[in-house]
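A quick write-up on the structure given underneath.
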Amino acid sequence: GIKFVKASFVDATVDALRDSADKIVAKDDTAVCLFSTVIDGKVLLVSACGANAVKMGAHAGNLLKSISPILGGGGGGRPNSASSGGKDASKIPEAFSSAESVIADQIK
């Protein structure tokens, strides 16, 4: 019942990621966005959940709290918007893969 949108970038600002995620969830309130960027060797994650996705159980903050340790970091935030960081960019694919199961567990 939700749409999972994920993408990785290099040298994109956190503000650009937040803006993009906010635009997606504004257009589709069932969307869950997860974006990463690597700046100066550090990983930054941004997640956003549309209103209907949140009603179904999706939680951006808990999503990032679950997957950030994979990247050697931490973070979290609100149900509709969150950000976090990490140290190991090579683990982004693993974190994104884990995100799918985290989201599936959230919306059950």
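Based on what the data block shows, is residue 98 open to solvent by 30 Å² or more (accessible area, probe 1.4 Å), hydroxyl-bearing (Ser, Thr, Tyr) and assigned to a helix (DSSP H, G or I)? It is true that residue 98 is open to solvent by 30 Å² or more (accessible area, probe 1.4 Å), hydroxyl-bearing (Ser, Thr, Tyr) and assigned to a helix (DSSP H, G or I). Of the residues making up segment 63-108, those that are more than 12 Å from the chain's Cα centre (by Cα), under 17 Å from residue 9 (Cβ atoms) and aliphatic (A, V, I, L, M) are 71, 89. Being polar (S, T, N, Q), touching a residue at least 12 places away in the same chain (Cβ under 8 Å) and under 18 Å from residue 1 (Cα atoms): is that true of residue 37 here? Against the criterion (polar (S, T, N, Q), touching a residue at least 12 places away in the same chain (Cβ under 8 Å) and under 18 Å from residue 1 (Cα atoms)), residue 37 does not qualify. All of 57, 75 fail the test of being in contact (Cβ under 8 Å) with a residue 12 or more places away in the chain, assigned to a strand (DSSP E or B) and at positive phi, apart from 75. Identify, please: which residue in segment 35-57 is open to solvent by less than 10 Å² (accessible area, probe 1.4 Å), among the aliphatic types (A, V, I, L, M) and over 11 Å from the mean Cα position of the chain (by Cα) and is, among those, farthest from residue 22 (Cα to Cα)? Selected residue: 43. Within segment 6-28, restricting attention to residues that are open to solvent by less than 80 Å² (accessible area, probe 1.4 Å) and part of a strand (DSSP E or B), the residue that is nearest to residue 49 (Cα to Cα) is 7.
The values are calculated or read from the model by the stated rules, or taken from the named source; none is laboratory data. Computed from a predicted structure; not experimentally measured. Quick reminder, even Gly has a Cβ in these numbers, built from the backbone with ideal geometry, and neighbours come from all protein chains shown. Accessible surface is based on the protein model in full, side chains and every heavy atom, while ligands, DNA and RNA are left aside. Shrake-Rupley method; radii C 1.70, N 1.55, O 1.52, S 1.80 Å.
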